[in-house]
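Contents: one structure, followed by commentary.
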């Protein structure tokens, strides 16, 4: 079971930009296609004052930086050229957890604009709701439901995806870890509320200890199937155990997580995120060697010119 989907982290939050243009992105999409990636997920199309295209709706709500190149259209075109579908990540105001009503108000306008501009593109394959749920917080769950309902009203035939994180031992600072029993109880309740507007759930796999991951994978899969949702696994290709944010993961850890997800029986593996942490074109040298180990494991022979004209 190989990774067949990846997030696109162009509007970066806590990972350095690689400053890629169309040539670099085209080279990376070509590699993605060769290793079997068929789904790309724009993790966010806007974050605070940045966006992937000049959005009139966002400018109605806050000052925005100018956009010199329409990256939303570039990604859709590259996805189409490489036989992929793109799930469109919505706008993250940066404080959605504290101000869910404001986040919804902005995205009501923004998602209509996105659908008007890009919804008819052949590669437009659905929506990614960028709000990362973890606990059964009523306001946050209601925000997800409202955004999911809006996505369904705009494109009824297309799927909606969320990628929650587990409040485990490696949860973000300020998040109190909970037990596996609490996690199961809360997510059974959450799925009961979101099942009408969310089609796919892909839990991030990096917030629990490695040896606990298999049990969480099986629990999440069982809960998702009880609710009638498709269950993917977001196999993180960066390492949360290092004292810096964030290096490419050790191959042995990645191999363990891929095997655990396969054995649990999830429907698909996606990753955060190929271009920074697993690509031969990455700015991180360790990502290039991680790519070699990955190709060795799955018998992949990828020899393609990079954006700089070299071959790997």
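Mean-square fluctuations from a GNM of the chain, with a 10 angstrom spring cutoff on Cα atoms, peak among 293, 44, 68 at 68. Listed from fewest to most Cβ neighbours within 10 Å, the set 200, 270 follows the order 200, 270. When the chain is modelled as a GNM with alpha-carbon springs shorter than 10 Å, which of 63, 280, 100 fluctuates the most? Of 63, 280, 100, the most mobile in the Gaussian network model is 63.
With a ≥ b ≥ c the root eigenvalues of the C-alpha gyration tensor of segment 158-288, is it rounded (a/c under 1.5), prolate (a/b larger than b/c) or oblate? Because a/c hits 1.5 or more and a/b exceeds b/c, segment 158-288 counts as prolate. What separates the Cα centres of segment 31-45 and segment 161-181 is a distance of 26 Å. Segment 111-150 and segment 244-268 have Cα centres separated by 26 Å.
Quick one: compute the contact order of the chain, relative version, from alpha carbon pairs under 8 angstrom and 6+ residues apart, as a percent.
Values: 568 pairs, mean separation 56.3, N = 312.
Across the chain, relative contact order equals 18 percent.
With helices as the sole contributors, the chain gives -13000 deg cm²/dmol at 222 nm; each DSSP H run of n ≥ 4 counts as -39500 (n - 2.57), and the sum is divided by every residue.
Beta bridges assigned by DSSP with both partners in segment 3-298 are antiparallel in approximately 10 percent of cases.
Highest GNM mean-square fluctuation among 160, 130, 179, for the chain modelled with Cα contacts below 10 Å: 179.
With 10 angstrom as the radius, rank 242, 111, 1 by how many other C-beta atoms surround their C-beta, starting from the fewest.
Working: 242 12, 111 24, 1 16.
Exposure proxy ranking, most exposed first: 242, 1, 111.
Read-outs: derived from the displayed coordinates by stated rules, not from any lab. The structure displayed is predicted, hence computed values, not measured ones. No Cβ is skipped: glycine too gets one built from the backbone with ideal geometry, and neighbour counts run over all protein chains shown.
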